[in-house]
Amino acid sequence: MNEIGLLVQRLLDETTKTSVGLFVPELVLSGTIVAMLLCRILPLLWRVPAQWIALLGAFTAFAWTLCQFDQLVGGTLHATPIFTGLLMFDQFATFFRMFLCLFLILTITLTVLSGIPDREDAPDFYTLLLGATLGMMIMASANHLLMVFLGVEMASVPSYAMVGFLKGRKKSSEAALKYVVYGAGAAGVMLYGISLLAGLTGTGSLPEIGHRLSLIVSQGAGISDPIVRTIVLASLMVLVGLAFKLSVFPFHFWCPDVFEGAAAEVAGFLSVASKAGAFALLVRFGLAFSGGSAAVSEIAFALGIGIGVLAAATATFGNLSAYGQTNIKRMLAYSTIAHAGYMLMAVSALMVMKFSKHGGAESTAVTLSCIEGLIYYLFVYLFMNLGAFAIVALVRNQIFSEEIEDYNGLATQCPLLCFGMALCIFSLIGLPPMGGFFAKLVIFASVFKATSVHWAMWFVLGAGAINTVFGLFYYIRILKAMYLKPRPDGARKVSYDLMPVGLFVLMICLPTLGLGVLPARFAETFNNVASVLLTGR
């Protein structure tokens, strides 16, 4: 009994003194959610607009993660598993927590300017928004298969409700229903894959999976081996759940309909935040095969090649499907699919270089550059994609349309909004000196180095280069409508206040140029964040 008491005391001490203190940003968001739920009950909270409560919680969480990140860089805090190893606290996780909190602040600010949601529905909407962000933060910190599934579901369930939040709109309700059905199917497949992996290895801890697999996979075992087949099947099932969150082909079916049916503010949130959390989790899951035998490395290497082929197919499908779209949100949805393909190329190059037979210092450096390129791409993607959806939302409030032909001649009425859209479009295409150009350049450079390991990466690199050219044609349609076509007679006029709408547009669009002009300013930070996953410090 004394031993049990000491064990319980030790567990409580570890939880209260270490884990809870490092988990404060998530606790702040949880407390903000509780405050939102109490808004309708407590008269004092009901007098305060819900968006200010949400902003206060988001700012507090962001400030806390910023302090934690600074302490990790300075050496005051050190990378450590928390909550008995269920989550990981390190620079990588803290960076993505900070990323998601910053994006949450910008999204809430956008909803304040656009007026969606109204005061009556605001507590419910921000509860869902904060809940989804909390789930994505857990995805980025997941260190155990249980938290992998829990994080994905915590991010997904509020997202379903947000998509159908525009009550009385048939498209919105239809999109939410499709999202729920596809999400439930993907979650079931993912859960089955997790159960297979946990059953095979006897553990759910991601850092231990590689070592456990090396004990059960014999050297030289091929795909004919039942254990190898089960490992591959389980891994693919887990990847199905992540591919759904990333809208990767062929698990993209929900994305165009959901983006078209949901409000532009919700579509912008889903296009960036879900990718940040899912890619952070995908990198951790991919590196879980490290530390095993050569046979396990061969399985991970094959998965890397498969991810590369999937990335090429995703980018190609997204770009080609965007050509015939007349609705700007639906076009941006296919654009989101294409960019998921570009970022997935970095994960493919990472796994190919990490698990190749020809390891060494050069392989480690390329592996590091793959993670660094992915982080840089996501950071640029935050501003260029949110900027595009924000301008769509602001213009929608004026012209009550999201059709591209209704954007004709807007440059004469709202030059600042059109200038911001141009910056975002040029960055999405990948034209220099925009941030999108350098982000693609870093990823393509990593894929190019991976071609020395396997010929299939030439196919991935070629697909990436060709799709960059493909994207140019349909993106330019938006700018052509805004700048070259005349404004039709009788069309609704667009007017906006320079403060705060114009300032907000500049605040989220100009970084796409700054990240391209001064990429070296951020390189050291991204390099430090990436190196944590390889060194464990």
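The values are calculated or read from the model by the stated rules, or taken from the named source; none is laboratory data. Since this is a predicted model, take the numbers as computed values, not measurements. Please note: Cβ atoms are built from the backbone with ideal geometry, for glycine as well, and neighbour counts cover all protein chains shown.
Kindly indicate whether Ala54 is surrounded by fewer than 15 Cβ atoms within 10 Å (Cβ to Cβ) and modelled with pLDDT of 90 or more. No: the conditions fail for Ala54. If you go through segment 199-219 and pick out every residue that is under 14 Å from Leu146 (Cβ atoms), outside any helix (DSSP H, G or I) and touching a residue at least 60 places away in the same chain (Cβ under 8 Å), you end up with 2.
Of everything in segment 255-294 that's of a type outside the set (A, V, I, L, M, F, W, C), assigned to a helix (DSSP H, G or I) and under 22 Å from Ala346 (Cα atoms), which residue is nearest to the chain's Cα centre (by Cα)? Spell out the reasoning first.
Kept after step one, since they are of a type outside the set (A, V, I, L, M, F, W, C), are these residues of segment 255-294: 256-257, 260-261, 265, 268, 271, 274-275, 277, 284, 286, 290-293.
Next, only the ones that are assigned to a helix (DSSP H, G or I) stay: 256-257, 260-261, 265, 268, 271, 274-275, 277, 284, 286.
Right, trim to under 22 Å from Ala346 (Cα atoms) and you get 271, 274-275, 277, 284, 286.
On the way: Ser271: 7, Ser274: 4, Lys275: 2, Gly277: 5, Arg284: 14, Gly286: 16 Å.
If we take residues in segment 255-294 being of a type outside the set (A, V, I, L, M, F, W, C), assigned to a helix (DSSP H, G or I) and under 22 Å from Ala346 (Cα atoms), then Lys275 is nearest to the chain's Cα centre (by Cα).
For segment 183-219, residues that are modelled with pLDDT of 90 or more and of a type in the set (Ser, Thr, Tyr) total 2.
The sole residue among Leu104, Leu110, Leu87 that is of a type in the set (A, V, I, L, M), at pLDDT 90 or above, touching a Ser or Thr at 6+ places or on another chain (Cβ under 8 Å) and under 14 Å from Leu55 (Cβ atoms) is Leu104.
From the list Lys485, Lys480, the one residue that fits, being in contact with a Gly (Cβ under 7 Å, 6 or more places away or on another chain) and of a type in the set (Lys, Arg), is Lys485.
Determine if segment 383-405 includes at least one residue that is touching a residue at least 40 places away in the same chain (Cβ under 8 Å), in contact with a strand residue (DSSP E or B) (Cβ under 9 Å, 6 or more places away or on another chain), of a type outside the set (D, E, K, R) and surrounded by fewer than 23 Cβ atoms within 10 Å (Cβ to Cβ). Yes, there is a match, as at least one residue in segment 383-405 is touching a residue at least 40 places away in the same chain (Cβ under 8 Å), in contact with a strand residue (DSSP E or B) (Cβ under 9 Å, 6 or more places away or on another chain), of a type outside the set (D, E, K, R) and surrounded by fewer than 23 Cβ atoms within 10 Å (Cβ to Cβ). Put simply, of Ala155, Ala184, Ala243 the only residue that is free of Cβ contacts under 8 Å to residues at least 60 places away in the same chain, within 20 Å of the chain's Cα centre (by Cα) and within 30 Å of Ile116 (Cα to Cα) is Ala184.
Select, from Phe444, Phe379, Phe383, the only residue that is more than 19 Å from the chain's Cα centre (by Cα) and assigned to a helix (DSSP H, G or I). If you could, list the steps in order and put the result at the bottom.
On the way: Phe379 fails: more than 19 Å from the chain's Cα centre (by Cα); Phe383 fails: more than 19 Å from the chain's Cα centre (by Cα).
After applying the criteria, what remains is Phe444.
Does segment 84-107 include one or more residues that are of a type in the set (Lys, Arg), in contact with a Phe, Trp or Tyr (Cβ under 9 Å, 6 or more places away or on another chain) and crowded, with 20+ Cβ neighbours inside 10 Å? Checking segment 84-107: at least one residue is of a type in the set (Lys, Arg), in contact with a Phe, Trp or Tyr (Cβ under 9 Å, 6 or more places away or on another chain) and crowded, with 20+ Cβ neighbours inside 10 Å. Scanning segment 427-436 for residues that are over 24 Å from Val352 (Cβ atoms) and either without any contact (Cβ under 8 Å) to a residue 60 or more places away in the chain or surrounded by fewer than 21 Cβ atoms within 10 Å (Cβ to Cβ) (or both) yields Ile429, Leu431, Pro432, Pro433.
Do you know which of the residues in segment 437-456 that are of a type in the set (A, V, I, L, M) and farther than 21 Å from Tyr376 by Cα is surrounded by the fewest Cβ atoms within 10 Å (Cβ to Cβ)? Break it down stepwise before answering.
Step one: filter segment 437-456 for residues of a type in the set (A, V, I, L, M), giving 439, 441-443, 445, 447, 450, 453, 456.
Okay, now just the ones that are also farther than 21 Å from Tyr376 by Cα, so 453, 456.
Working: Val453: 20, Ala456: 18.
For segment 437-456, the residue satisfying everything is Ala456.
Can you find a residue that is hydrophobic (A, V, I, L, M, F, W, C) and closer than 23 Å to Leu386 by Cα anywhere in segment 141-151?
If we filter segment 141-151 for residues that are hydrophobic (A, V, I, L, M, F, W, C), which is where we start, we get 142, 145-150.
Next, from what is left, pick out any that are closer than 23 Å to Leu386 by Cα: none.
No, that holds for no residue.
Over 19 Å from Val283 (Cα atoms) and touching a Phe, Trp or Tyr at 6+ places or on another chain (Cβ under 7 Å), is that true of Leu113? Criteria met by Leu113.
For the structure I just gave you, tell me whether Met237 is free of Cβ contacts under 8 Å to residues at least 24 places away in the same chain, aliphatic (A, V, I, L, M), at negative phi and assigned to a helix (DSSP H, G or I). Spell out how you get there, then give the answer.
Values: free of Cβ contacts under 8 Å to residues at least 24 places away in the same chain: no; aliphatic (A, V, I, L, M): yes; at negative phi: yes; assigned to a helix (DSSP H, G or I): yes.
In short, no.
Of all residues in segment 150-167, those being out of contact with any strand residue (DSSP E or B) (no Cβ under 9 Å at 6 or more places or on another chain), surrounded by fewer than 24 Cβ atoms within 10 Å (Cβ to Cβ) and not polar (S, T, N, Q) number 10.
Within segment 25-49, the residues that satisfy the criterion of being crowded, with 16+ Cβ neighbours inside 10 Å and closer than 12 Å to Trp64 by Cβ are Pro25, Glu26, Val28, Leu29. Scoring His339 on the criteria (1) in a helix (DSSP H, G or I); (2) farther than 23 Å from Phe244 by Cβ; (3) out of contact with any helix residue (DSSP H, G or I) (no Cβ under 6 Å at 6 or more places or on another chain); (4) of a type outside the set (Phe, Trp, Tyr) leaves a single failure, condition (2). Summed over segment 464-482, residues that are surrounded by fewer than 20 Cβ atoms within 10 Å (Cβ to Cβ) and β-branched (Val, Ile, Thr) total 3.
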